[in-house]
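The values are calculated or read from the model by the stated rules, or taken from the named source; none is laboratory data. Here the structure is a predicted model, which is why all the values come from computation and not from measurement. Neighbour counts run over all protein chains shown; Cβ positions are idealised from the backbone, glycine included.
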Amino acid sequence: MSREQRLADAKDESGQRQRSTLRQEIPLLVGMMLVWGALWQDFAIGNLVFGLLISLLLVRVFRLPPIILSGRFNIWRAVVFIGAFLRDVTRASFEVMYLAVFRGPRTTSAVITVTLRTESDLLVTFVGHVLTLVPGSYVVEVDRRSSTLYLHVLNVNDQAGVEKARASVLLIEERLIRMMGTAEELAALNAEKTEPSKEHGAPS
Amino acid sequence: MNIVLWICGITLSIAACLAIVRLAKGPSILERVIATDVLLLIISAALCIEMTVNQHANNLVFVLLACLVGFVGSVTVSRFVTDRRNA
Amino acid sequence: MLDTLIDIVAGTFMIVGCLMSLAAGIGMLRFPDLLSRLHAATKPQVLGLFLLLAALGLELRSWAVLPVLVLAWLLQLLTAPVSAHMVGRAGYRTRHLKRETLVADELAAVVEAAEQREEHEIGRDRPRDRTDFID
């Protein structure tokens, strides 16, 4: 499905929405089934089947535009990512704590623009989620057409801090592409690494 | 374990008081929304501690619910605030 | 022996978890504007809840509870950034920010351009409400 079609679907202007097929919904259904099991604290077969039926009903009644998975998932990278994520969450939390206690009203921040490499909605969302939790930032606006995120970053004192924040967001994106990006995105990333002259992320 | 309980109780009470002060002062409705969010999370933290001390898991559903209520609440209010400006 | 060790770890987790809630409270009170306060509301709470749930898991030591604990934390992970984004976006759009605390604002120029374009396009029947939610 093309990018244009996806944007049109989300806006719901054409009147004709692309429905997700059952195959595209399998990860969602399995996830909902597991949530059902977890809530009942019971993973018996009967309970899971009932959960699956309820998930199917919900997915049929409340239609969602399809999420496109890349079809690639690197488990080792995922483990590394989760480890780095937990470490960074801890560090970010203590940093916010330090700022709240010792800097307080004198804390300065910035609103910055980061253009991501990826085009996939899922990855942009994922990057947005992770960077809200990890470095001192969260997403203020999203431009979906150009995969641009506008972030509010805490504790930025000068232009160097802005560049540092941008670099850390692109690093998160890089880790996520290595984990679950498409093969093309990964190839583009590797090409960029070998040829570091190309600048990414700066506002155009 | 008793000392831990006291420390946690006092810390959470202070945190709740601070959130309530922001809730009362908050210049805008958005500030009040995030203060309520923080208050809800403090309540779910207290539920967690109660469960840990008394060794049961009956309140876990309430922790989940607090999370969801905070989410739905803040999203609804901020949607409303943005819309009113556009109208 | 092992039990005392686990108790100590759980106790530490609980205290640090509560300190995170306290950090959120202090941040709510001391940060200068809405957009900075949002940071205090999201980040420490996620770690705080993780530590408290971990302490609960360590004390209960039952496999049946583990999925619910994971679910509770995952739900927090999924919802906290979204509500932060929604509140932050509403705050930025309704100008609940203090310009003097911002070192740089790269969004201001974009917003200005968009507003000018909007004024230009006024009168056209554009489903404004839906598009601004998605873009």
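The residues on offer are A:LEU28, A:LEU86, A:LEU57, A:LEU34, and the sole one that is more than 25 Å from C:ASP105 (Cα to Cα), part of a helix (DSSP H, G or I), more than 14 Å from chain C (Cβ to nearest Cβ) and modelled with pLDDT of 80 or more is A:LEU57. Going through (1) within 25 Å of B:ARG79 (Cβ to Cβ); (2) more than 7 Å from chain C (Cβ to nearest Cβ); (3) buried (at least 23 other Cβ atoms within 10 Å of the Cβ) one by one, A:LEU99 falls short only on (1).
Have a look at A:LEU123, A:LEU69 and point out the one that is more than 8 Å from every other protein chain (Cβ to nearest Cβ), outside any helix (DSSP H, G or I) and not charged (D, E, K, R). Steps first, please.
On the way: A:LEU123 fails: outside any helix (DSSP H, G or I).
After applying the criteria, what remains is A:LEU69.
Look at A:TYR150 and say whether it is of a type in the set (Phe, Trp, Tyr) and out of contact with any Phe, Trp or Tyr (no Cβ under 9 Å at 6 or more places or on another chain). So A:TYR150 does not fit the description; no. Surrounded by 24 or more Cβ atoms within 10 Å (Cβ to Cβ), at the interface with chain A (Cβ under 8 Å from one of its Cβ atoms) and either out of contact with any strand residue (DSSP E or B) (no Cβ under 8 Å at 6 or more places or on another chain) or touching a residue at least 12 places away in the same chain (Cβ under 8 Å) (or both) - does that describe any residue in the range C:63-70? No - not one qualifying residue is present in the range C:63-70. Considering the range A:126-150, the residues that are in a helix (DSSP H, G or I) and more than 7 Å from chain C (Cβ to nearest Cβ) include one that is surrounded by the most Cβ atoms within 10 Å (Cβ to Cβ), namely A:LEU131.
Yes/no per residue for (1) buried (at least 24 other Cβ atoms within 10 Å of the Cβ); (2) closer than 22 Å to A:VAL89 by Cβ; (3) more than 7 Å from every other protein chain (Cβ to nearest Cβ):
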{"site": "C:ILE6", "(1), (2), (3)": "no, no, yes"}
{"site": "C:GLY11", "(1), (2), (3)": "no, yes, no"}
{"site": "C:CYS18", "(1), (2), (3)": "yes, yes, no"}
{"site": "C:HIS96", "(1), (2), (3)": "no, no, no"}
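How many residues does the range B:45-65 contain that are facing chain C (nearest Cβ under 7 Å) and over 10 Å from C:LEU56 (Cβ atoms)? Residues flagged as facing chain C (nearest Cβ under 7 Å) and over 10 Å from C:LEU56 (Cβ atoms) within the range B:45-65 amount to 2. Only residues that are touching a residue at least 12 places away in the same chain (Cβ under 8 Å) and of a type in the set (Val, Ile, Thr) were counted across the range C:1-44, and they come to 5.
Residue by residue, here is whether (1) over 30 Å from A:LEU39 (Cα atoms); (2) β-branched (Val, Ile, Thr) holds:
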| site | (1), (2) |
| --- | --- |
| B:LEU23 | yes, no |
| B:GLY26 | yes, no |
| B:CYS48 | no, no |
| B:VAL63 | no, yes |
| B:CYS67 | no, no |
| B:SER74 | no, no |
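Tally the residues that are of a type in the set (Lys, Arg), surrounded by fewer than 18 Cβ atoms within 10 Å (Cβ to Cβ) and more than 12 Å from the chain's Cα centre (by Cα), restricting the search to the range B:3-34.
Number satisfying all stated conditions: 1.
Consider the range A:92-118 and keep the residues that are under 23 Å from C:ALA108 (Cα atoms) and β-branched (Val, Ile, Thr). The one that is modelled with the lowest pLDDT is A:THR107.
Confirm whether B:LEU47 is assigned to a helix (DSSP H, G or I), out of contact with any Ser or Thr (no Cβ under 6 Å at 6 or more places or on another chain), closer than 23 Å to C:LEU19 by Cα and modelled with pLDDT of 90 or more. When the stated conditions are applied, B:LEU47 passes them.
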